[in-house]
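Accompanying notes for the structure given below.
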Amino acid sequence: LQIKISRGVVSQGNGFASKFVMADKKMDNKIPMVTKKEGFLHKNHVDDVESKRQLLKQQMLFNQQRDIQELKHTIHTTKASMQFLQMKFHEEFSNLVLEENRKLYNQVQDLKGKFLIGWLL
């Protein structure tokens with residue numbers, strides 16, 4: 001950007017005149033220029049940040065997969081335990097029913113014997 005101003009006199013409202021002189025003057029553009037090295041460093045920084053973000057995502061996915069596997073294992077173990085408990089319940093129930101049936105059968109036999117003795121007498 002170039003500005004060309006010549007000599008002149010500016011009159012001010014108070015009656016004084018001030019002189020100013022400006023020669024041809026080049027003004028630098030205020031837009032920062034990024035050097036190749038700075039651009040390379042910036043790109044590396046962006047790449048590092050992206051790499052770290054990708055690594056965090058991968059770690060999070062790995063942790064989620066591990067948690068899922070642990071939950072599957074827990075479900076499998078719980079299911080096996082429930083099946084075992086169910087089997088034990090059926091065994092105990094069957095044993096209780098058999099024992100109750102045996103008691104009832106013996107009571108019926110006692111009653112028959114008593115009835116028979118009472119009938120014979």
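Taking all protein chains together and rolling a 1.4 Å probe, ILE117 ends up with roughly 100 Å² accessible. What net charge do the residues around GLN54 carry, taking every other residue with its C-beta under 11 Å from that of GLN54, with Lys and Arg at +1 and Asp and Glu at -1? Combined, the nearby Lys, Arg, Asp and Glu give 0.
Seen from GLY118, the other residues with C-beta closer than 14 Å to its C-beta sum to a net charge of +1, counting Lys and Arg as +1 and Asp and Glu as -1.
Heavy-atom accessible surface of LEU85, to the nearest 10 Å², is about 100 Å², with a 1.4 Å probe and all protein chains retained.
The values are calculated or read from the model by the stated rules, or taken from the named source; none is laboratory data. This one's a predicted model, so the numbers in the text were calculated from it and none came from an experiment. Cβ: placed from backbone, ideal geometry, glycine included. Neighbour counts: every protein chain shown. Note: areas computed on protein heavy atoms with side chains; ligands, DNA, RNA excluded. Shrake-Rupley method; radii C 1.70, N 1.55, O 1.52, S 1.80 Å.
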